[in-house]
Amino acid sequence: MKLITAVVKPHRLDEVKEALQAFGVHGLTVTEASGYGRQRGHTEVYRGAEYTVDLVPKIRIEILVEDSDADDLIEVVVKAARTGKIGDGKVWSLPVDTAVRVRTGERGPDAL
Amino acid sequence: MAPAIITLAADAPRLDSGSTAFMLISAALVMVMTPGLAFFYGGMVRVKSALNMLMMSFISLGIITILWTLYGFSFAFDTGNGFLGGTNWLGMRNIGISELWPGYSIPIYVFAVFQLMFAIITPALISGALADRVKFTAWSLYITLWATVVYFPVAHWVWGSDGWLYKKGVIDFAGGTAVHINAGAAALGVILVIGKRKGFGRDAMRPHNIPLVMLGAGLLWFGWFGFNAGSWLASDGVAAVAFTNTQVATAAAMIGWLVYERLRHGSFTTLGAASGAVAGLVAVTPACGSISPLGAILLGLVTGAVCAAAVGLKYRFGYDDSLDVVGVHMVGGIIGSLSIGFLATGGVGQTAKGLFYGGGWHQLGLQFIGVGAVLGYSLVCSAILAKLIDMVMGFRVSEEEEAAGVDQALHAESAYDFTAVGSRIAGALTGGSSTEADASPTKKVDA
């Protein structure tokens with residue numbers, strides 16, 4: 001199994017969710033996050049004092065998938081989240097040892 | 001009836017109910033400026049010290065009112081010598097309820113209560129420079145001493161019939177010198193003694209609520225009509241011109257500040273609009289009884305741009321004038337006071353003419369004397385008072401209290417309760433459902 005983590009712009013959440021549903025993903029976890037990449041946030045000015053606000057709002061999406069689906073899913077997320085502008089975010093995947101469905105106790109791919 | 005009134009009108013002034021009503025309303029308008037100022041300042045500080053900022057203004061309503069009644073009015077406005085008033089009106093005694101303010105048609109009590117509101121807001125203005133870092137007790141003691149040693153005498157110098165600046169011919173229609181330069185210079189005096197906030201110039205200290213700042217600026221603007229138009233002490237044409245100039249200069253200053261900001265920093269900011277308006281109000285205060293509405297436009301535009309530039313000086317010189325009391329009130333007051341030397345038409349409430357109206361350098365010279373005297377006296381006295389308080393009881397809170405926020409440390413309160421927002425997490429942690437957590441009050445924990 002793989003854990004796909006995507007950090008994307010908040011306003012792309014709906015597109016990513018729809019694309020994942022179309023792909024056949026059953027569940028996902030969404031968290032509000034903040035951070036920055038190469039774009040380094042933005043600047044605010046108060047009475048001439050400039051403040052660099054480097055942490056900008058982001059959405060963090062996590063999806064557990066089977067190994068065979070991982071690469072395709074990454075493509076789906078990237079396509080749905082892309083605006084072409086700076087700050088679009090990142091997607092990465094990690095190997096997962098175990099997953100358990102709390103309600104039934106099912107393990108591994110059955111738990112997805 | 002009519003002939004009798006005409007005969008009496010030729011004698012000494014009689015009580016005029018129109019002017020008296022106008023002055024009572026003006027006094028109430030000036031009163032609302034202090035809570036307005038509290039919001040103006042309160043929104044500009046960080047969440048952790050928002051209440052303290054409000055309280056530093058509010059306590060002035062308490063303390064100064066009592067001082068004024070006991071001795072402030074007498075020291076400021078009773079006849080005495082050039083530097084301090086007399087003692088006849090201590091405790092507001094010896095003032096008949098129908099006794100008129102000499103030369104005017106309003107009771108002395110009306111004048112006294114109107115001037116009380118000025119005495120209240122002036123120390124409150126200073127608090128903006130001291131955000132986040134001073135003890136409330138030290139602040140309360142400071143304004144008690146400052147009002148006694150600085151404000152009451154300076155009000156006498158500037159407005160007392162035997163005050164030395166008044167007799168020289170220095171014009172301060174509604175308090176550009178006595179209120180704004182006075183408070184701005186005092187702010188500079190205190191911060192030079194007590195020093196910067198922890199993290200000044202390093203940490204972001206962004207305003208926590210700019211809508212609150214706008215609310216405060218709006219209340220100030222509204223109340224300022226009483227401040228300026230009321231200072232003529234009668235409801236007539238001169239009061240109307242003062243009212244008009246107040247509106248015009250404020251509008252122009254807001255635009256001046258915004259244009260400067262757009263050119264210098266690229267944006268028209270909300271805080272800039274509020275600050276520009278206040279700077280315009282400050283600058284027109286001394287001048288509104290001497291200049292024309294066209295002069296007020298020029299005054300406003302210059303003030304907006306200059307004050308916008310001046311607030312940046314604290315970073316260059318490294319003093320922490322937290323909310324720009326020096327940059328807005330001292331600088332704005334100086335521009336306004338000196339503008340009389342250029343823009344006084346001689347045809348409004350005063351006969352003095354400025355340089356642009358053929359009056360020569362004379363009035364400008366007088367205005368310089370007024371500005372210099374008040375600025376110097378207030379700056380020096382304020383620094384000495386701050387030093388004394390610091391030595392006796394410590395002016396600042398501890399580093400730990402400053403870091404955690406003065407609201408908690410000094411007032412045992414916080415400005416906003418956001419626990420409802422996090423109630424799901426709170427509910428999960430305490431074992432209850434989220435709905436229960438919403439409805440039930442927090443349990444008190446004995447630590």
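Can you sort B:Cys381, B:Cys307 by solvent-accessible area, 1.4 Å probe, largest first?
Largest accessible area first, the list is B:Cys381, B:Cys307.
Name the longest site-free stretch of chain B, where the excluded sites are GluC sites (Glu not before Pro) in a DSSP loop with no more than 15 other beta-carbon atoms within 10 Å.
B:100-412
Using the alpha-carbon centroid of each, what span in Å lies between region B:345-369 and region A:25-78?
Their Cα centres are 63 Å away from one another.
Give the long-range amide H neighbours of B:Val134: residues separated by 5 or more places, or on another chain, with amide H under 5 Å away, using H modelled in the peptide plane at 1.01 Å from N.
B:Val397
What shape does region B:137-279 have by the C-alpha gyration tensor, where a ≥ b ≥ c are the square roots of the eigenvalues, rounded means a/c under 1.5, and otherwise prolate means a/b greater than b/c and oblate the rest?
oblate
Just to be sure I understand: if you take the accessible area of chain B alone plus chain A alone and subtract the pair, with a 1.4 Å probe, what total do you get in Å², rounded to 100?
In total, this chain pair buries about 1100 Å².
Checking the a/c ratio against 1.5 first, then a/b against b/c, what shape does the Cα gyration tensor give for region B:1-110?
It is oblate, given that a/c is not under 1.5 and a/b is not larger than b/c.
Checking the a/c ratio against 1.5 first, then a/b against b/c, what shape does the Cα gyration tensor give for the protein assembly as shown?
Here the protein assembly as shown falls in the prolate category.
What does the highest-first list of B:329-339, B:71-81, A:52-62, B:102-112 look like by mean Cβ count within 10 Å?
Order by mean packing, descending: B:329-339, B:71-81, B:102-112, A:52-62.
Could you go through region A:95-112 in sequence order and give the Karplus-derived ³J(HN,Hα) for each residue, using 6.51 cos²θ - 1.76 cosθ + 1.60 with θ = phi - 60°, rounded to whole Hz, and x for Gly and Pro?
Rounded to whole hertz, the list is x, 10, 6, 9, 9, 10, 7, 5, 5, 10, x, 4, 10, x, x, 5, 7, 6.
Helix A:13-23 versus the longest principal axis of chain A: what angle, 0 to 90°, nearest 10, using Cα atoms?
20 degrees
Of B:Lys198/B:Lys387; A:Lys2/A:Lys85; B:Lys135/B:Lys168, which ones are farther than 31 Å apart at the Cα?
Flagged as over cut-off: B:Lys135/B:Lys168.
What list of ³J(HN,Hα) couplings, whole Hz, do you get for region A:79-92 from phi and the Karplus terms 6.51, -1.76, 1.60, once you set θ to phi - 60° and write x for glycine and proline?
Karplus values, whole Hz, x for Gly and Pro: 5, 6, 8, 6, 10, x, 9, 5, x, 5, x, 9, 10, 9.
Can you tell me the 0 to 90 degree angle between the C-alpha axis of helix B:50-67 and the longest principal axis of chain B, rounded to 10?
Approximately 40 degrees, to the nearest ten.
Would you please give the residues with an amide H less than 5 Å from that of A:Ser34, counting only those at least 5 places away or on a separate chain, with H modeled from the backbone geometry?
A:Lys58
Pop out the ³J(HN,Hα) list for region B:18-34 in order, Karplus 6.51 cos²θ - 1.76 cosθ + 1.60 with θ = phi - 60°, rounded to Hz; leave Gly and Pro as x.
Result, rounded to whole Hz: x, 5, 5, 4, 4, 6, 5, 5, 4, 4, 5, 4, 5, 4, 5, 5, 5.
Within 10 Å of each Cβ in peptide B:258-269, how many partner chain Cβ atoms are there on average? Round it to a whole number, please.
For peptide B:258-269, the averaged partner shielding equals 2.
Indicate the residues belonging to region A:14-62 that lose 50 Å² or more of solvent-accessible heavy-atom surface (probe 1.4 Å) upon moving from the chain alone to the assembly of all protein chains, ignoring ligands and nucleic acids.
Checking the loss per residue gives A:Val45, A:Tyr46, A:Arg47, A:Tyr51.
Report, to the nearest 10°, how far helix B:136-146 tilts away from the longest principal axis of the Cα atoms in chain B, using its own Cα long axis and a range of 0 to 90°.
10 degrees
Can you grab the distance from the C-alpha centre of region A:93-112 to the C-alpha centre of region B:174-213, Å, no decimals?
58 Å
For chain A, what does the accessible surface come to per residue with a 1.4 Å probe? Please give it in Å².
Result: 63 Å² of accessible area for each residue.
For chain B, which whole percent of the accessible surface, found with a 1.4 angstrom probe, sits on carbon and sulfur atoms?
67 percent
Note down the net charge around B:Asn88, summing +1 for each Lys or Arg and -1 for each Asp or Glu among other residues with Cβ under 15 Å from its Cβ.
-2
Over what distance in Å are the Cα centres of region B:236-314 and region B:48-77 separated?
27 Å
First measure r as the distance between the Cβ atoms of A:Thr98 and A:Ala22, then evaluate 1/(1 + (r/R0)^6) with R0 = 30 Å and state the FRET efficiency to the nearest 0.05.
0.60
Under the rule of at least 5 residues apart or a separate chain, name every residue whose amide H is placed under 5 Å from the amide H of A:Val53.
It is A:His42, A:Thr43, A:Glu44, by chain and number.
The values are calculated or read from the model by the stated rules, or taken from the named source; none is laboratory data. As the structure is a prediction and not an experimental result, all values here were calculated from the model. Quick reminder, even Gly has a Cβ in these numbers, built from the backbone with ideal geometry, and neighbours come from all protein chains shown. We work out accessible area using only protein heavy atoms, side chains counted, and drop any ligands, DNA or RNA first. Shrake-Rupley method; radii C 1.70, N 1.55, O 1.52, S 1.80 Å.
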